[in-house]
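Below: the structure, in structure tokens.
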Amino acid sequence: MYPILKQIFKTGIKTETPPQADESMRLTEQRLQQEILDAFGGALAIRMVDAGSCNGCELEIHAVNNAYYNIEGLGIKFVASPRHADLLLVTGPVSRHMEIALKRTYDATPEPKLVVAIGDCACDGGIFGESYATCGKVSNVIPVDVVVSGCPPTPVAILQGILTAISAGRNVAQE
Amino acid sequence: MPIKHPNLKLTRLTDALPAWAGEVAPEYLHEICLQVRDGGGRLVALWGSDSRPRGCETLPTESADCGSSRVAPPPAPEGCAPPSRGRGFMLHVALMNESGLVCLHVVLLNEHPVYPDLSLIFPAANRMQRATYDMLGIYAHEGHDHRKWVRHGAWHSGSFPLRKDFDAAASRTDEADAYPFVQVEGQGVHEVPVGPVHAGIIEPGHFRFSIIGERVLRLDERLGYVHKGIEKRFESMSLQQGAKLVGRVSGDSTVAYAWAYAMAAESIAKVTPPSRALWLRALLLERERVANHLGDLGYLGNDVAFSFGFAQFWILKEQVLRNNAVLFGHRYLMDKIVPGGVTVNLPAEGKRIIEQECEMLKRQVAILRGIYDEHAGMQDRFIGTGLVTPKLAAQLGLCGLAGRASAQAWDARVQFACAPYDKLDVQMATYRNGDVAARVIVRFGELFESLRLQLAILSNLVHEEDKPALIEKLPANGFGIGIVEGWRGEVMVAIHTDAQGALTRVHPHDPSWQNWPLLEHAVIDNIVPDFPLINKSFNLSYSGQDL
């Protein structure tokens, strides 16, 4: 036990200040009322769906959980079922083979719900585009609130996208 | 030369790699594969290509439902060439033994594209053969398993995306994926379906567990969910666009894929990159290995509810990623290796940063390894869990990191040390126990070795002007192959060019093809809650095998 405690104390606190919301990431106008957002902002549950990504975006979503970005410290956590979720984080160009699974996950998420598309492929199809095997961007398959571009987007950008989705639609960054 | 056979004439592909290729008729394929297996060799990859002359492409179009026996293809139309070999469908089989890599080009009959089933010699061939049928419509004669693999319900069973005359619009369907899972029967047996959307931040795939109580009797994997038509996409790309795409076959192994692709292109163009570029490539590859091993070791702690391990290892991983961003402009090093060279440089200041990072990691990882080793609860979960015996591993062709944890001593950096690894004397990490604990031990071993290698690479990295040797375009009708030991195992990329020198077929091969079937064996007799731990200890790629 002693070596573990020693290592924890030596490591110290690494967590950095989270980024501000960025309205330029918003795809559709904020659909939720202030009261709901206030409740969400307090404790948000995210269900992550890889709908066809190369696993690059997943690496950065993992990183959002590390001590530097410490997403759980903001009251946001990843959950194991869409039925527990307030927000879907979707990556990848949606492969045709994941189309039904993604739609069902969306349908299984209770209202009110938000969708954030992560990565260039999720924003516009990326390098894979649309083909016999892919539907392209996520908004071709389910409604999307906020898009975060990048290949893969940095953890800060991902955090910013999530925080934008639960902000009230004002441009906080410019205030 | 690694294989001798009277009906096989091999030619050396490149000086950079002990790799040969040669054409062979299907009737000799069995004999040659047996010879390789009996000599201790392995199957690396199996893929097909369509080089039929234009205008004769409409046949054969036999359809085959999964599970049913094949229907004989209809006769060739009049006006087409008589039964001929050489310009039709081809099967390509990459084999490896101790003296090198051999790619067999098997010329199939245009009108009846079949080849002998290899899955009885190399069990790993099973899924590759099924995928080759789904994509190209060439199949293993008298094969035992004709179930579909990559195809679900996005295109018709009678149409094949990698054929040059594939009509995407006409072959589109929305049928459900009716896949014949193997059912286990008996009193008290029930099934647990998991996926494709998993309960964590993981790629999608479906696992069908047959269990009795907590105990797993059988696992049946169903992959292909992230099939996004990568191989077809290459056909419309330039060499440079292809280099970007290949780096996104499996995002966690982007350096390994980009290097293997560059190696294949350089072998066709007969270009040797400047030595500084090769040293930098090795540096990037080892940094990719370090980042992934750190991440996995953290998650292996997390999966046994030891969140301290996750927190600590991911702090270290984040520091490596941040240094990557500062020094090379990308946290995962995407698009840094291109055919002919690299797009990055490392100033003297950067060398110092990496040296400091390596020293810091050596100290920190040693502390954490001590804690992992002495943590009774953790070792209790690791030891004996998810066992793959060396015998089974050899029989089924387990490779890469997981293979080395089951005494399969293969590492492309050691056996086929291409430059600059020929000057580095890589020490392979192996272990015999084949359980989760063994895969953790091998990861620690490889992590320390990668840190040593990075320091050795830096001391060899002399400052010289890079000669601009980037390859613009490839020669016509070329074939090249590249193989790189990524963090998960050996990554292979094969490139075929057409009469204009354009990419006509690119096949990236992930070691996960070989290792996924072993996961089905590793979980037998374990309890269901240990599956995430066992799965993580292999950490196989979905995207890399679904393509």
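The values are calculated or read from the model by the stated rules, or taken from the named source; none is laboratory data. Just so we're clear, the structure is a prediction, and the values are computed from it rather than from any experiment. Note that we place each Cβ from the backbone using ideal geometry, even for glycine, and neighbour counts take in every protein chain shown.
Just to be sure I understand, how many residues within the range B:171-206 are surrounded by fewer than 18 Cβ atoms within 10 Å (Cβ to Cβ), assigned to a loop (DSSP other than H, G, I, E, B) and at the interface with chain A (Cβ under 10 Å from one of its Cβ atoms)?
Selection size over the range B:171-206: 7.
Which residue is nearest to the other protein chains (Cβ to nearest Cβ), if the candidates are limited to the range A:1-21 and must be of a type in the set (D, E, K, R) and either surrounded by 12 or more Cβ atoms within 10 Å (Cβ to Cβ) or in a loop (DSSP other than H, G, I, E, B) (or both)?
Residue satisfying both the conditions and the ranking: A:LYS14.
Could you tell me which residue of the range B:324-358 is modelled with the lowest pLDDT, considering only residues that are surrounded by fewer than 18 Cβ atoms within 10 Å (Cβ to Cβ) and of a type in the set (A, V, I, L, M, F, W, C)?
B:ALA348
I need every pair where a residue in the range A:94-109 that is facing chain B (nearest Cβ under 8 Å) has its Cβ under 7 Å from the Cβ of a residue that is of a type in the set (Ser, Thr, Tyr), sequence separation at least 6 or different chains.
Hits for this filter: A:SER95/A:THR134; A:SER95/B:TYR225; A:ARG96/A:THR134; A:HIS97/B:TYR225; A:MET98/B:TYR225.
If a residue has to be in a loop (DSSP other than H, G, I, E, B) and in contact with a Pro (Cβ under 8 Å, 6 or more places away or on another chain) to count, how many in the range B:332-366 make the cut?
Of the residues in the range B:332-366, 2 are in a loop (DSSP other than H, G, I, E, B) and in contact with a Pro (Cβ under 8 Å, 6 or more places away or on another chain).
Return the only residue of A:GLN34, A:GLN30 being more than 28 Å from B:MET360 (Cβ to Cβ), more than 10 Å from chain B (Cβ to nearest Cβ) and either touching a strand residue (DSSP E or B) at 6+ places or on another chain (Cβ under 8 Å) or crowded, with 19+ Cβ neighbours inside 10 Å (or both).
Just one listed residue meets the conditions, A:GLN30.
Filter the range B:7-33 down to residues that are among the hydrophobic types (A, V, I, L, M, F, W, C), more than 11 Å from B:LEU95 (Cα to Cα) and in a helix (DSSP H, G or I), then give me how many there are.
1
Sort out which residues of the range B:98-134 are modelled with pLDDT under 90, surrounded by fewer than 19 Cβ atoms within 10 Å (Cβ to Cβ) and not hydrophobic (A, V, I, L, M, F, W, C), and write them in order of number.
B:GLU98, B:SER99, B:HIS112
Quick grid of which residues meet (1) crowded, with 21+ Cβ neighbours inside 10 Å; (2) more than 11 Å from chain A (Cβ to nearest Cβ):
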| site | (1), (2) |
| --- | --- |
| B:PHE209 | no, yes |
| B:GLU214 | no, yes |
| B:LEU219 | yes, yes |
| B:SER236 | no, no |
| B:LYS244 | no, no |
| B:GLY247 | yes, no |
| B:SER250 | yes, no |
| B:SER253 | yes, no |
| B:ALA256 | yes, yes |
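Please verify whether A:CYS123 is touching a residue at least 24 places away in the same chain (Cβ under 8 Å), closer than 23 Å to A:ARG104 by Cα and more than 14 Å from chain B (Cβ to nearest Cβ), treating the condition exactly as stated.
yes
Of all residues being within 17 Å of B:PHE306 (Cα to Cα) and without any contact (Cβ under 8 Å) to a residue 12 or more places away in the chain in the range B:372-401, which is surrounded by the fewest Cβ atoms within 10 Å (Cβ to Cβ)? Just the residue, please.
The qualifying residue surrounded by the fewest Cβ atoms within 10 Å (Cβ to Cβ) is B:ALA376.
For the range A:49-60, which residues satisfy the criterion of being aliphatic (A, V, I, L, M), facing chain B (nearest Cβ under 7 Å) and either surrounded by 24 or more Cβ atoms within 10 Å (Cβ to Cβ) or touching a Lys or Arg at 6+ places or on another chain (Cβ under 7 Å) (or both)?
Once the filter is applied, which keeps residues that are aliphatic (A, V, I, L, M), facing chain B (nearest Cβ under 7 Å) and either surrounded by 24 or more Cβ atoms within 10 Å (Cβ to Cβ) or touching a Lys or Arg at 6+ places or on another chain (Cβ under 7 Å) (or both), the range A:49-60 yields only A:VAL49.
Would you check if A:ASP120 is buried (at least 18 other Cβ atoms within 10 Å of the Cβ) and either touching a helix residue (DSSP H, G or I) at 6+ places or on another chain (Cβ under 7 Å) or on the phi > 0 side of the Ramachandran plot (or both)?
The answer is no for A:ASP120.
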